[in-house]
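The values are calculated or read from the model by the stated rules, or taken from the named source; none is laboratory data. From a predicted model like this one, the values you see are computed outputs, not experimental measurements. FYI the Cβ positions are ideal-geometry reconstructions off the backbone, even for glycines, and counts take in every protein chain you see.
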Amino acid sequence: MDKTILLCDRDSQLQDIYSDALQGEPIQVIGCTDADKVRTLALNLRPDLVLLNAGFDNNGYKICKLLKQNRLTLMLPVLMLSDAPNVEQRQRAMEAGAIDLIQRISSPFFTRERIVGVLNESQRFAMANRMSEYQYQVLVAEDSPSLQQFYLAVLTELNCNVTLCDNGRAAWQQLKGDHEFDLIITDLFMPVMDGKELCNLVRSHHEFDQTPIIVITTEQEKPVLYDLLNLGVSDFIQKPFREMELRSRVQAHLRNRILVQEQFRLNQELIEISALLEDKIAERTREIFDTNIETIYKLATACDLKDVDTANHIARVKDYVEAFSLHLGIDQRTAQEYGYSSMMHDVGKLGIPDSILRKPGPLNDAEWEIMRTHPVKGKALLGKRPFYQHACDIAVAHHERFDGTGYPYGITGKDIPLSARIVAIVDIYDALTSRRPYKEPWPVTEAYQELNTLAGHHLDPYLVTEFLKLGQTGALQRISEQYAEAS
């Protein structure tokens, strides 16, 4: 949408200058050369910006104030213009309600960027306006009563609450109190404690790192002044100085103080938002984890329903695997992942016909070929989601053998995933020590002997040794008793 600028200036050629500078932008410049018609045009046109010559019939500041007194033009941004802007004019412009005072005829680039910035609201409220919203706390260390009164008068006009001290020690006591100061002004030479010692103390305490310090001094030697800067002093003013110099330096440091405080506030907000997002992410992650675990239990239950002989086999294997993983020194999270992933080690049996899975007698060669496809079927069923990576490794490789004679791929040794090598041991141990319709449970000692027999060709020999060590601690027995089946 096109935007409109109302240009208020006696020189009609200025309209062409600004139009040329804004060429290519969707901005229309409308000129007004009669000061008495500015308010009427502003009310009727409802422009997006007013450019107002401060010297417009010697009445520019008054016109700006009148615009700001009308509720219909109160929020209308005003940029005031001057042939030679100075500090006094800029101050009057701000007091009248303008957002800034700029050179009446500037470079086309500056004119374009400054106006576009205001119209895009990126510079709608100048820092000087924002500064007027603050009430500053300024600490002054000065032993001269006349200078104390001078500072009090000047700083009060700058919206500052001033705390006066006669020497550096008194100022330091004020700093250590409950007050928070936005600026410190100190004379260099004072009784009791001088300004240099005060600055040293201030900069040696990290809580005052962001507090600007201005030193007032008669010192002319540059090495001394450089030493002050090395101490961490923000600025120095040499006596004698003019009021305008003090005002300008103070406003510059208060401006930086605002920016630092705003940055700190924004950082705190960012930290709080980040913490909130982390909590939400953690909550969502837990929800996803719980959903995946629920899926695992449902798949495991489905396996139980297909293979009635396994009853609590899946749940026991889970606990055995997790306890064994922790015994091996695997971290808690990975051990837990191995545990719940092991519950799906036979999930591929969902794809095996019941006539084979529940056959009461031995399987023939053709039936065995079909049965031996359940690892690959399990891998295909679990898919490629990262959450099921360990489950896929276990499902497809828990029938592989250490010597390469297993299935489905005949891989050997440590090429077999660690999780699958762990589950292979646990799966055999639980099958041996559990009751089945076709057999009684083996005694634990005989099951251990069988594992030793299988070590080195069927099972990883190192893992078998460690599994037997775990058994000696009683951990396996406790898990078995937890899932004791009715006789």
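Key figures for this structure:
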read-out	value
From ASP11, ASP36, residue being in the same structural domain as ILE115 (by TED's automatic domain parsing), without any contact (Cβ under 8 Å) to a residue 40 or more places away in the chain, of a type in the set (D, E, K, R) and not in a helix (DSSP H, G or I)	ASP11
Qualifying residue in region 195-207 (condition: assigned to a helix (DSSP H, G or I), of a type in the set (Val, Ile, Thr) and in contact with a Phe, Trp or Tyr (Cβ under 9 Å, 6 or more places away or on another chain))	yes
ALA171 of a type in the set (A, V, I, L, M, F, W, C), closer than 22 Å to ARG90 by Cα and either in a strand (DSSP E or B) or at pLDDT 90 or above (or both)	no
Failed condition for GLU446, given (1) more than 27 Å from TYR340 (Cβ to Cβ); (2) buried (at least 17 other Cβ atoms within 10 Å of the Cβ)	(2)
Matching entry among VAL215, VAL260 (being free of Cβ contacts under 8 Å to residues at least 60 places away in the same chain and in contact with a Ser or Thr (Cβ under 7 Å, 6 or more places away or on another chain))	VAL215
Total residues in region 423-443, condition surrounded by fewer than 17 Cβ atoms within 10 Å (Cβ to Cβ) and not in a loop (DSSP other than H, G, I, E, B)	2
Selection count where residues are modelled with pLDDT of 85 or more and surrounded by 14 or more Cβ atoms within 10 Å (Cβ to Cβ), scope region 203-226	9
Unmet requirement for ARG401, which otherwise passes all of (1) part of a helix (DSSP H, G or I); (2) without any contact (Cβ under 8 Å) to a residue 60 or more places away in the chain	(1)
